[in-house]
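As structure tokens, the structure follows; a few thoughts come after it.
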Amino acid sequence: MKSLLIAAAFATLLSVPAAADAFKVGDLGAMPSRRACVETSAKVLETYVAEHGGLSTSGDPSDPQSWSFYGWGLRPGMTDAVIICPIVGNQVNAFYTLHSSGDAGAKAADVTAEHIRTLWQDLR
């Protein structure tokens, strides 16, 4: 009886569709200050929405306590992004984190990451 229950539970798990979430992180490099990092993050994500599409951006580069800027529903797909500007050692460094879902989530995250890296180099 116990093995029948285990088999039934296993069969149920196999029949549930897998979530197609994709996460991607990357290092954009050192920056001279947190403010410069967040201002560049804002330029990058606002330009991304204007050039490639997306729903919106949020964050406040003028807030001295701020160290992140967000992009929502970036295309392709619906990829959410955050660029953070923590102090690592004695140096401000920029990192991005992406989340995308759906059947093409991994591909959308890869394309979004490439666009962000390109814009970061162009707008720094």
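Screening the range 37-124 for strands (runs of 3 or more DSSP E) wholly inside it with 3 or more residues that are among the small types (Gly, Ala, Ser) and modelled with pLDDT of 95 or more returns the ranges 68-74. Figure legend. Inter-residue proximity from the range 52-64: first residues closer than 14 Å to Leu119 by Cβ, second residues assigned to a strand (DSSP E or B), beta-carbon distance below 6 Å, spacing 6+ or different chains. Indicated pairs: Gly54/Gly71; Gly54/Gly73; Gly54/Leu74; Thr57/Gly71.
Residues of the range 21-54 that are crowded, with 21+ Cβ neighbours inside 10 Å, among the β-branched types (Val, Ile, Thr) and under 22 Å from Ala106 (Cβ atoms): Val44 alone. Can you tell me which residues in the range 38-51 are under 12 Å from Thr112 (Cα atoms) and aliphatic (A, V, I, L, M)? Answer for the range 38-51, where residues must be under 12 Å from Thr112 (Cα atoms) and aliphatic (A, V, I, L, M): Val44, Leu45, Val49.
Can you find a residue that is in contact (Cβ under 8 Å) with a residue 12 or more places away in the chain, touching a Pro at 6+ places or on another chain (Cβ under 9 Å) and small (Gly, Ala, Ser) anywhere in the range 75-93? No; the residues of the range 75-93 include none that is in contact (Cβ under 8 Å) with a residue 12 or more places away in the chain, touching a Pro at 6+ places or on another chain (Cβ under 9 Å) and small (Gly, Ala, Ser).
Could you tell me how many of the residues in the range 65-92 are farther than 18 Å from Ala113 by Cα and in contact with a strand residue (DSSP E or B) (Cβ under 9 Å, 6 or more places away or on another chain)? Adding up the residues that qualify gives 6.
Could you tell me how many of the residues in the range 111-124 are surrounded by fewer than 17 Cβ atoms within 10 Å (Cβ to Cβ), out of contact with any Leu (no Cβ under 8 Å at 6 or more places or on another chain) and either of a type in the set (D, E, K, R) or free of Cβ contacts under 8 Å to residues at least 40 places away in the same chain (or both)?
Applying the first criterion (surrounded by fewer than 17 Cβ atoms within 10 Å (Cβ to Cβ)) to the range 111-124 yields 114, 117-118, 121-124.
Adding the requirement that they be out of contact with any Leu (no Cβ under 8 Å at 6 or more places or on another chain) leaves 114, 118, 121-124.
Narrowing the set further to residues that are either of a type in the set (D, E, K, R) or free of Cβ contacts under 8 Å to residues at least 40 places away in the same chain (or both) leaves 114, 118, 121-122, 124.
Counting residues in the range 111-124 that are surrounded by fewer than 17 Cβ atoms within 10 Å (Cβ to Cβ), out of contact with any Leu (no Cβ under 8 Å at 6 or more places or on another chain) and either of a type in the set (D, E, K, R) or free of Cβ contacts under 8 Å to residues at least 40 places away in the same chain (or both) gives 5.
Scanning the range 44-95 for residues that are polar (S, T, N, Q) and in contact with a His (Cβ under 9 Å, 6 or more places away or on another chain) gives a single hit, Thr79.
The values are calculated or read from the model by the stated rules, or taken from the named source; none is laboratory data. This structure is a prediction, so every number in the text was calculated from the model and none was measured. Positions of Cβ are backbone-derived with ideal geometry, glycine not excepted, and every protein chain shown enters the neighbour counts.
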